[in-house]
């Protein structure tokens with residue numbers, strides 16, 4: 001049985017999210033979870049889901065749990081808030097225990113798998129920067145079948161990742177897009193990803209500092225990843241069984 005279209009009632013009331021159905025009355029064969037970056041809200045990623053317009057794919061844009069202080073607007077995914085004494089910027093990696101539970105337990109397991117009937121393989125996560133760190137940690141900690149995949153834009157594995165998540169490599173495929181200069185995705189961060197996941201693909205964009213894809217060339221590897229990983233019922237005769 002395919003999964004059914006999720007509604008807000010399928011998730012805990014504490015989870016702030018928006019749901020975008022697939023284009024033009026197509027079945028919601030896949031779910032794409034969208035996780036925004038530090039200091040943003042889920043509104044921009046709801047718009048991203050609408051722009052992606054992926055076939056047979058419902059998009060769920062989740063808002064981070066914690067508002068930024070000082071009326072700065074926007075939210076962050078960290079368990080803590082630490083500011084760099086030299087630059088005054090917020091540290092991206094402050095542990096993601098609560099956020100990982102939100103994505104993994106409240107949304108993926110309880111909402112999508114148990115209530116809506118999705119298989120793990122039909123769920124893909126797309127995250128930017130700090131949101132990507134949460135997505136990667138959720139996939140690394142997910143026990144059982146692999147998820148459909150994780151697309152990380154400039155995100156790495158947190159230093160606080162539980163060692164249990166590194167004991168057995170996750171089979172969830174990962175695509176990481178990084179800037180050629182001043183990227184958070186260093187060589188050591190890449191080797192940690194390869195310790196945690198069996199399949200890691202790194203794409204380097206010629207830009208200074210990690211940012212969201214800004215042109216067709218940068219978006220191409222992401223769309224190719226989606227094309228490989230998204231499932232389709234179109235063209236499959238009714239009643240047939242898809243082999244994995």
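Values in this text are rule-based calculations from the coordinates and carry no lab data. None of the values given here were measured: they were computed from a predicted structure. Cβ atoms come from the backbone with ideal geometry, glycine included; neighbour counts cover every protein chain shown.
Determine the gain in length on full extension of the stretch residue 14-residue 114; use 0.36 nm per residue of separation and subtract their C-alpha separation, reporting nm with one decimal.
The residue 14-residue 114 span can extend by a further 34.2 nm.
By how many nm would the segment from residue 182 to residue 50 lengthen if fully extended, with 0.36 nm per residue of separation less the alpha-carbon distance?
Contour length minus the Cα-Cα distance gives 44.5 nm.
Which three extents, in whole angstrom, do the alpha-carbon atoms of the range 170-240 cover along their principal axes, largest first?
50, 31, 11
If I model a spin label as a point 7 Å beyond the Cα along the Cα-Cβ vector, how far apart are those points for residue 145 and residue 167 in nm?
2.3
Can you tell me the orientation of helix 187-196 relative to the chain, as the angle in degrees between its alpha-carbon axis and the longest Cα principal axis, to the nearest 10?
Helix 187-196 sits roughly 40 degrees off the main axis of the chain.
If one computes the Cα centroid of the range 22-87 and of the range 174-224, what distance in Å separates the two points?
So the separation of the two Cα centres works out to 19 Å.
Run the numbers on the chain and let me know its relative contact order in percent, using alpha-carbon pairs under 8 Å that are six or more apart.
Here the relative contact order equals 16 percent.
Quick one: length gained pulling residue 214 to residue 81 fully straight, 0.36 nm per residue minus the C-alpha distance?
Extending this stretch completely gives an extra 45.0 nm.
What's the angle, to the nearest 10 degrees (0 to 90), between helix 130-141's Cα axis and the longest principal axis of the chain?
On a 0 to 90 degree scale, this one is about 60.
Could you check what % of the DSSP bridge pairs in the chain are antiparallel, to the nearest 5?
DSSP beta bridges in the chain are roughly 20 percent antiparallel.
What number, rounded to the nearest 500 deg cm²/dmol, is the helix-based mean residue ellipticity at 222 nm of the chain, given -39500 (n - 2.57) per DSSP H run of at least four residues and division by all its residues?
Computed ellipticity for the chain at 222 nm equals -6500 deg cm²/dmol.
Let me know the volume per residue of the alpha-carbon convex hull for the range 25-229, in Å³.
Spelled out: Cα convex hull of the range 25-229, divided by residues, is 121 Å³.
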